[in-house]
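Chemist: Just passing along the structure, written as structure tokens.
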Amino acid sequence: MNTFADLGVLPVFTSLLAQRHITQPTAIQCLVIPWLLEGKCALFRSPTGTGKTFSYLIPALQRLLAEPADAVNRKAGPAVLVCTPTLELCSQIKNEADFLLDGQGKVSLLIGTGDLNRQIDSLKKNKPLVAVGNPGRLLLLAKMGKLKFTSLRFLALDEADRLTEKECRHEMTEFSQIIIDRTKDNPFSLVVAANSATVSVKTKKFLHPLLEKTELLETGEHEILRERIRHWAIFCESRKKTQTLIAFIAAAQPKKTLVFTSRSFDAGKIVSVLQRHAIDAAGLYSGTNKVERKQAIDHFRSGKAAVLVSSDLAARGLDIPGISHVAALDVSDSQDTYIHRAGRTGRAGKRGIMVSIGDEIEMRRLASLEKKLGIAVQPKELCGGKLIRPE
């Protein structure tokens, strides 16, 4: 069994990881960390909750530590740049980079909800080693000439499949070209790492200009989905979904539940109904502002809110410990959507439950997903305040 030291990780990082009781690398970390430490680019895929963020952050920062102290010209832009689609994931990755640097370097958060002038001042005054942001804000700062790439050694594209989808595609196309143009005379070889639980052929094709000479690194695609997560299905009419969710929470008594709805404008209504039924609920969706979104995550993370209602984009990549149940109030025909939703539970070696609440059409979709993903979905009914298996 490999240790982080076996992978070539320095003691400064293994000690920090041990503080979080992380002593054994995951399968994807065993593949990716040595690969990136050698300066190779990587496109990698593994299930949610398998440590993909540390898979690229550790080698990126370790390669920096291996350079002379004065090698990085911090006036010429960050040495490590991380781009990811959601604001919450940006904040999460920023915190992980701060943790690994242990106060030895500065990390700037460059997101669309932040004050632009303050971010420009931060880049100028703090001269960060690492910058983390969403594609829209990074593109704007790059076009303004405030985000420079002369010192850039490492680029990470987290949740790469989402970065190549419609809502991000135009910005990512332009941003990728800027990076290619502005780093072509860079004296440092740019290492690019892209990852997701659901990297597709389309993703790889889109990223080809940045990842021209790399292979797809992956571990067993759905073992966590099959082995650590139980999959339940509750049939109900569309108009009764929120009431069914309330009844499910009362019957199952889940410790911490993440609720998904594909329609962002419904999330606020669901939160209000849950709160009227004395359920401590918070919401994470496009209608909430920066302060409200942070408060919702903090309350859910701390346990002050037992339920978090979210749209798919808002919760992409979030790592919140202790989620015992995930409830989907609609069933998509997309395998990727189901994988990412279910992957919010059953993390860090724990087990979880994914429950889909849907009508007849959605149950047919779920049956199709069951076959494609090789999972076993158990039907459940709510009867007399209890969850039972239909006779």
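Derivation of every value follows stated rules applied to the coordinates shown; laboratory data play no part. No experiment lies behind these values; they were computed from the predicted model shown. All Cβ positions, even for glycine, are placed from backbone atoms using ideal geometry, and neighbour counts span all protein chains on display.
Chemist: By average Cβ neighbour count within 10 Å, what is the ranking of 151-161, 195-205, 235-245, 27-37 from highest down? Spell out each step's value before the answer.
Modeler: Values: 151-161: 24.5, 195-205: 18.5, 235-245: 16.7, 27-37: 21.7.
Top of the packing list down: 151-161, 27-37, 195-205, 235-245.
Chemist: Mind checking which lysines have their C-alpha under 18 Å from Lys380, skipping anything on the same chain fewer than 8 residues away?
Modeler: Here the lysines satisfying the reach criterion relative to Lys380 are Lys240, Lys241.
Chemist: Taking 1 over the mean of 1/r across every pair of different Cα atoms in segment 246-365, what Kirkwood radius in Å do you get? Don't jump to the answer; show the numbers that get you there.
Modeler: Numbers: mean 1/r = 0.0699 Å⁻¹.
Radius from the Kirkwood sum: 14.3 Å.
Chemist: Continuing with this model, one more query. Quote the charge dipole size of segment 223-388 about the Cα centre in Debye, to the nearest 20; the model charges only the Cβ of Lys and Arg (+1) and of Asp and Glu (-1).
Modeler: 420 debye
Chemist: Working from Cα positions, state the angle (0 to 90°, nearest 10) between the long axis of helix 87-101 and the longest principal axis of the chain.
Modeler: 50 degrees
Chemist: Now, a different point. What is the gain in length, in nm to one decimal, between Leu16 and Lys372 on full extension, counting 0.36 nm per residue of separation less the C-alpha to C-alpha distance?
Modeler: Computed gain between Leu16 and Lys372 is 124.2 nm.
Chemist: Let me ask another. Quick one: putting +1 on the C-beta of Lys and Arg, -1 on the C-beta of Asp and Glu, what dipole do you get for segment 11-218 around its Cα centre, in Debye to the nearest 20?
Modeler: On the way: 27 positive and 21 negative charges, 95 e Å.
Dipole about the Cα centre, nearest 20: 460 debye.
Chemist: Which Cα, out of Leu81, Ile22, Ile33, lies furthest along the positive dipole direction of segment 1-103 (beta carbon charges, K/R +1, D/E -1)?
Modeler: Positive-most Cα among the choices belongs to Leu81.
Chemist: So, one more: Would you calculate the separation in nanometres between label points at Asn95 and Val273, each defined as 7 Å from the Cα along the Cα-to-beta-carbon direction?
Modeler: About 3.0 nm, to one decimal.
Chemist: Now for a separate question. First measure r as the distance between the Cβ atoms of Lys350 and Gln253, then evaluate 1/(1 + (r/R0)^6) with R0 = 22 Å and state the FRET efficiency to the nearest 0.05.
Modeler: E between Lys350 and Gln253, to the nearest 0.05, is 0.80.
Chemist: Here is a further query. Select from Leu157, Leu141, Leu101 the residue farthest towards the positive end of the dipole of segment 66-207; place +1 on Cβ of Lys and Arg, -1 on Cβ of Asp and Glu, and compute about the Cα centre.
Modeler: Leu141
Chemist: A further question on this structure: Inverting the mean 1/r over all pairs of different Cα atoms, compute the Kirkwood radius of segment 11-218 and quote it in Å.
Modeler: In segment 11-218 this quantity evaluates to 17.0 Å.
Chemist: Applying a 10 Å radius around every beta-carbon, put 77-85, 44-52, 328-336, 115-123 in order of their mean neighbour count, most first.
Modeler: Working: 77-85: 25.9, 44-52: 23.7, 328-336: 19.0, 115-123: 14.2.
Final packing ranking: 77-85, 44-52, 328-336, 115-123.
Chemist: Quick one: angle between helix 27-37 and the longest Cα principal axis of the chain, in degrees between 0 and 90, rounded to 10, please.
Modeler: So the helix axis and the longest Cα principal axis differ by about 20 degrees.
Chemist: So, with +1 on the Cβ of K and R and -1 on the Cβ of D and E, and no other charges, what is the size of the charge dipole of the chain about its Cα centre, to the nearest 20 debye?
Modeler: Once rounded to the nearest 20, the dipole reads 620 debye.
Chemist: Would you pull out the residues with amide H under 5 Å of Val355's amide H, same chain only if 5 or more places away, H placed 1.01 Å from N?
Modeler: Trp232, Val326, Ala327, Ala328
Chemist: Separate question: Return the lysines within reach of Lys125: Cα separation strictly under 17 angstrom, same-chain partners fewer than 8 residues apart disregarded; answer none if there are no such residues.
Modeler: In chain and number order, the partners are Lys75, Lys106, Lys146, Lys148.
Chemist: Now, a different point. Sort out for me the Cα centre separation of segment 247-263 from segment 1-59, rounded to whole Å.
Modeler: So the two Cα centres are separated by 33 Å.
Chemist: Towards the positive end of the charge dipole of segment 223-388, with charges on Cβ (+1 Lys, Arg; -1 Asp, Glu), say which of Pro321, Phe265, Ser286 has the farthest Cα.
Modeler: Towards the positive end, the residue furthest out is Pro321.
Chemist: On a straight-distance basis, which lysines could pair with Lys205 in a cross-link, Cα separation under 23 angstrom, same-chain partners fewer than 8 positions away excluded?
Modeler: Correct list for Lys205: Lys40, Lys52, Lys166, Lys184, Lys213.
Chemist: Among Lys269/Lys386; Lys269/Lys290; Lys202/Lys350, which pairs are too far apart, with a Cα-Cα distance over 30 Å?
Modeler: Pairs exceeding 30 Å: Lys202/Lys350.
Chemist: Computed FRET efficiency, Cβ-Cβ of Lys125 and Cys383, R0 45 Å: what is it to the nearest 0.05? Let's see the in-between values first.
Modeler: Values: r = 62 Å, r/R0 = 1.39.
Taking R0 as 45 Å, the efficiency between Lys125 and Cys383 is 0.10.
Chemist: What is the set of long-range amide H partners of Ala193 at a cut-off below 5 Å, with H atoms built 1.01 Å from backbone N?
Modeler: Here Ala42, Leu155, Ala156, Leu157 satisfy the definition.
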